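All remarks here apply to the structure that follows.
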Amino acid sequence: MASEMLYPIMPIYLKSIGFSIVLIGILEGLAEAVAGLSKGYFGKRSDVAGKRAPFIQIGYAMSALSKPMMAFFIYPLWIFLARTIDRLGKGIRTGARDALLSDQAIPETKGRVFGFHRAMDTTGAVLGPALALIYLHYHPEQYKTLFFLAFIPGILAVVASLLIKDSKIKIAANPKVSTPFFSFLKYWNQSPALYRKLVTGLLIFTLFNSSDVFLLLKIKQSGLNDTQVIEVYIFYNIIFALFAYPLGHLADKIGLKKIFIIGLGLFVMVYAGMAFNLHLYFYFGLFFLYGIYAAATEGISKAWISNISDKKDTATAIGTFSGLQSICTMMASSFAGLIWYQFGAAATFIVSALVTSLVVIYLITVPEKAIITS
């Protein structure tokens, strides 16, 4: 909730304090690069230390601290520092948090555990922007105050994280192991062949899965006003939140792979549909399917990865995937923007749909096999 309160207004706020579009792009690119690379490194650190809770607590604390920092000063270097601290906090906690979730589950319950996490996370993505919109309705352009208000749920998250205790399942700590910043990349060669095969498919998909901003830009260009665009986005997050746990539960019963592939199939349908100018109701229909796609893939992919990784390497495995995924996401938006500029919006969505269809065929050949280690 704390992060999503600020997500819709971040570019507006930065422009209001003098940031150019180019500078905003550099800022966001740098911030996401820091988050992406640090996910792998701190995931590895969590496995080496044999601890999860400290990384989660420090990560949430740093992200909470960054919220009011954005409002104290408007100097570019200070803004870069605050935004980097926010994303670094995300990088520190992600691998350890997902590994903790995995530690608290068995292979047969991974889907519902990760699905519940995505449901709660996305509920925050609904409430955050809604609260921001309500506040700005009564206090137009009072952006700085919103950053201080976002500090409140941020602090509550930190307090909640202090209640987390490391799993009673002992993780073999090895503090003498050297962990250079890019040491997590060595895991790629050390990982199971099934991990490399699965993650290769996921990363190819990510390269053609651009930011949701492009979907919102498309429906905006199709004639929807700002309020309708925001309504569609909130509607998508509500569907995501509602379906994440039930689909995770279903995945435990019929298989993570089946649900994930069904989710990608829905993605193909949505992106193919977005190539055309449609009525508002059709866009709501597409974003309904898009919400189900997200619910069927985001948590499920991490559950699948955790099932094919050794328990002692869970944070490294998920952190390495998340880090590479972040880098591919940045590249995906660049590809999408280039295709959009050269060939138009329809080509952007058709290319994504076609490549995703090939990824579906590829993933059908990837076996779903849990490697259980004591």
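Cβ-Cβ distance of K165 and K253, R₀ of 41 Å, FRET efficiency by 1/(1 + (r/R0)^6): the value works out to about 0.85. Over the range 6-145, with every protein chain in place, what whole percent of the accessible area is carbon and sulfur at 1.4 Å, could you tell me? C and S fraction of accessible area: 70 percent.
Averaging Cα coordinates gives a centre for the range 271-336 and one for the range 23-85; these two points are 22 Å apart. Positive contributions from Lys and Arg (+1) and negative ones from Asp and Glu (-1), summed over other residues with Cβ under 13 Å from the Cβ of G265, come out at +2. What fraction of the Cα pairs in the range 229-374, stated in percent, has a spacing above 27 angstrom? Percent of Cα pairs beyond 27 Å in the range 229-374: 27. Each helix, a run of at least 4 DSSP H residues, gives -39500 (n - 2.57); summed and divided by the residues of the chain, these come to -26500 deg cm²/dmol at 222 nm.
Applying 1/(1 + (r/R0)^6) with r as the Cβ-Cβ distance of N225 and I134 and R0 = 22 angstrom yields a FRET efficiency of 0.75.
Summed over the residues of the chain and divided among them, the accessible surface reaches 46 Å² per residue at a probe radius of 1.4 Å. The 3J(HN,Hα) values that the Karplus relation (6.51, -1.76, 1.60; θ = phi - 60°) gives for the range 80-92 are, in residue order, 4, 4, 4, 5, 5, 4, 4, 6, 5, x, 5, x, 5 Hz. Gly and Pro appear as x. Sequence-ordered 3J(HN,Hα) estimates for the range 58-70 from the Karplus curve with 6.51, -1.76 and 1.60 and θ = phi - 60° stand at 5, x, 5, 5, 5, 5, 5, 4, 5, 4, x, 4, 5 Hz, glycine and proline given as x. Of the peptides 195-203, 97-105, the order by per-residue mean of other Cβ atoms within 10 Å, starting with the highest, comes out as 97-105, 195-203.
Shape class of the chain from the Cα gyration tensor (axes a ≥ b ≥ c, square roots of the eigenvalues): oblate, since a/c reaches 1.5 or more and a/b does not exceed b/c. Put simply, the amide H of G50, placed in the peptide plane, has neighbours under 5 Å in N174, leaving out anything fewer than 5 places away on its chain. Entry note: the range 279-320 has Rg to Rh equal to 1.30, where both radii use alpha-carbon atoms and Rh is the Kirkwood radius.
The values are calculated or read from the model by the stated rules, or taken from the named source; none is laboratory data. None of the values given here were measured: they were computed from a predicted structure. FYI the Cβ positions are ideal-geometry reconstructions off the backbone, even for glycines, and counts take in every protein chain you see. Side chains are part of the model used for accessible areas, which takes the heavy atoms of the whole protein and leaves out ligands, DNA and RNA. Shrake-Rupley method; radii C 1.70, N 1.55, O 1.52, S 1.80 Å.
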